[in-house]
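Single-structure report; data block below.
The values are calculated or read from the model by the stated rules, or taken from the named source; none is laboratory data. A quick note: this is a predicted structure, and the numbers were derived from the prediction, not measured. Ideal geometry is used to build each Cβ from the backbone, glycine not excepted, and the neighbour counts take in all protein chains shown.
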Amino acid sequence: MLERLENLSALYANPHRFMNLAARLHAPLWLVAVGVLGFGLFMVAGVPDDYQQGATVRIMFVHVPAAWMALFAYSFIFFASIVAVVLRHPLGYLAARAAAPVGAVFTLVALVTGALWGQPMWGTWWVWDARLTSVLVLLFLYLGYIALWEAIDDYGRAARATSILAVVGFVNVPIVKFSVDWWNTLHQPASVSRFARPALHADFLYPLLVMGVAFLLLFLAITLTRLQMEVLRQRLRVRQSEN
Amino acid sequence: MYDFYIYASYAFTAFALGAIIAVSFHGLARARQRLAALQDMQNGDG
C-alpha cells in the first residue's frame, strides 16, 4: 500500500504529468462541486425552523461547513509542506501555496457568519472565548503564511520559511477543534462528530453533511485551479531566470 | 424577524467564495497568457 502510494506520488511529482491530469480533472470536478452545492442549497431551502433558534438555524449550513474547511485547508497545507520538505516533492510547496488563500477565505466566512449568527442568538457579535479567538488566530496564520510567500524574493528560501510556519502553526488546529471541550466557551460543543448519537435531528444533519461535501468539493476545485496557476507561474519564473 | 442575519450570511459567503473563484480563474488565465507570450518571444529569438 505504502509502496503504491510512493509510486503514485513519484509519478505525479512531475509537474508536466500533473498538469495533464489536472486538465482532465478540472472541468468534471467543478461540475460535480456546483451540482452538489445546488443540491445542498435545495435541501436547505426545505429545512424547518428550529424550535429554539427559529429561522436562524439556516446560518448553520454555511457557517459550519466553512469552519470545517478552515481546519481542513490548514491541515492540507501542513501535510503538503511535510511532503515537500521530507519527500522533496516539487508540487508540495505549490499545493500548500495554492490552498492558503482558499483556506483564509473559508476562515473569514466562518468568522463573519458566526458573528451574524451570534448577534441574534447570543446577543453579541463577538466574545473573546477560546473557540472564536483560536479561529481568529487561524486567520492570522493564513494571512502570515500568504504574506511570508510574498515577502521573500528567493523561491527556495520562501518555500522553506513558509513550510516552517505551516508546521509550527498546525499546533493551533487541535486547539480550535478541542477548545470547546478544554475551556468554558459561549460557543457550543461539537454536534455532528458524535456519530453514535449526533445532537442534530436528521432534518438538519443530512443537509449539513451535503453542504459539507459541497464545500469540500469547492475547496478542491478552487485549489486545483490555483495549483495549475502556481505551476505555470513557476515555469515562468524558471524561464525568465534562464534568459 | 431574523431575515437580515440569514440573508447577510448567505450573501457574504457567496461574495467571498465568488471573489476567490474569480481571482483564481483570472490568475490562471493570466499565467497562461504570460507563458504563451514568453514562448512566442523565445521562438521569435530562435
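The set of residues in the range A:105-115 that are under 16 Å from the mean Cα position of the chain (by Cα) and more than 8 Å from chain B (Cβ to nearest Cβ) comprises A:PHE106, A:THR107, A:ALA110, A:LEU111. Scanning the range A:46-77 for residues that are of a type in the set (Phe, Trp, Tyr) and surrounded by fewer than 23 Cβ atoms within 10 Å (Cβ to Cβ) yields a total of 4.
Go over the candidates A:LEU148, A:LEU111, A:LEU91, A:LEU87 one by one and state the one that is closer than 25 Å to A:SER179 by Cα, in contact (Cβ under 8 Å) with a residue 12 or more places away in the chain and touching a helix residue (DSSP H, G or I) at 6+ places or on another chain (Cβ under 9 Å).
A:LEU111
Based on what the data block shows, is A:ALA98 within 10 Å of chain B (Cβ to nearest Cβ), over 30 Å from A:ALA202 (Cα atoms) and crowded, with 19+ Cβ neighbours inside 10 Å? Considered against the rule, which asks whether it is within 10 Å of chain B (Cβ to nearest Cβ), over 30 Å from A:ALA202 (Cα atoms) and crowded, with 19+ Cβ neighbours inside 10 Å, A:ALA98 comes out as yes.
Note on the range A:22-56: residues that are closer than 23 Å to A:SER191 by Cα and either part of a helix (DSSP H, G or I) or more than 9 Å from every other protein chain (Cβ to nearest Cβ) (or both) amount to 18.
When you scan the range A:57-74, do you find a residue that is within 14 Å of chain B (Cβ to nearest Cβ), touching a strand residue (DSSP E or B) at 6+ places or on another chain (Cβ under 8 Å), in a helix (DSSP H, G or I) and touching a residue at least 60 places away in the same chain (Cβ under 8 Å), even just one? Yes, the range A:57-74 contains at least one residue that is within 14 Å of chain B (Cβ to nearest Cβ), touching a strand residue (DSSP E or B) at 6+ places or on another chain (Cβ under 8 Å), in a helix (DSSP H, G or I) and touching a residue at least 60 places away in the same chain (Cβ under 8 Å).
Restricting A:THR223, A:THR185 to residues that are within 16 Å of A:PHE76 (Cα to Cα) and either polar (S, T, N, Q) or modelled with pLDDT of 95 or more (or both) narrows the list to A:THR223. Within the range B:3-26, is there a residue that is under 14 Å from A:VAL231 (Cα atoms), in a helix (DSSP H, G or I) and more than 7 Å from every other protein chain (Cβ to nearest Cβ)? No, there is no match, as no residue in the range B:3-26 is under 14 Å from A:VAL231 (Cα atoms), in a helix (DSSP H, G or I) and more than 7 Å from every other protein chain (Cβ to nearest Cβ). Checking every residue in the range A:113-122 against the condition of being more than 19 Å from B:ALA8 (Cβ to Cβ) and either among the charged types (D, E, K, R) or not in a loop (DSSP other than H, G, I, E, B) (or both) gives zero matches. The single residue among A:GLY123, A:GLY118 that is within 12 Å of chain B (Cβ to nearest Cβ), over 21 Å from the mean Cα position of the chain (by Cα) and not hydrophobic (A, V, I, L, M, F, W, C) turns out to be A:GLY118.
In the range A:128-243, which helices (runs of 4 or more DSSP H) lie fully inside it and hold 1 or more residues that are crowded, with 18+ Cβ neighbours inside 10 Å and among the aromatic types (Phe, Trp, Tyr)?
On the way: elements: A:130-151, A:155-169, A:172-182, A:202-242.
The helices (runs of 4 or more DSSP H) meeting that bar are A:130-151, A:202-242.
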